[in-house]
Amino acid sequence: MTLEELKKEAKAQGYKLIPIKAEEKFLPCTCGSNRREHWSRWNGKEMIITLQCIRCGKRVSGNSEADAKHNWNEMIRSESDE
């Protein structure tokens, strides 16, 4: 069965096929800590997720848990490259 046939059959049965996203793993902070505080707040329009290192206080935010995790890893990668 090809992917198109599978999608067609799923639609006929009332389902929708979606790809599975690979989960990104946290990189440890440049200070060596691997522990973060996770905060969430509502600003009136959207949810804001904030991650902060427990040891050094580095902080990053995002619109979702996955977005905040991605932003954290990007911050750590950019600091490691310098």
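Coordinate-derived values only; no laboratory data. What you see is a predicted model; the values in this text were computed from it and never measured. Note that we place each Cβ from the backbone using ideal geometry, even for glycine, and neighbour counts take in every protein chain shown.
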query: Considering only the range 35-77, how many residues are closer than 21 Å to Glu23 by Cβ and exposed (fewer than 13 other Cβ atoms within 10 Å of the Cβ)?
result: 8
Flag for Ala10 being surrounded by 11 or more Cβ atoms within 10 Å (Cβ to Cβ), on the phi < 0 side of the Ramachandran plot and in contact with a Gly (Cβ under 9 Å, 6 or more places away or on another chain): no
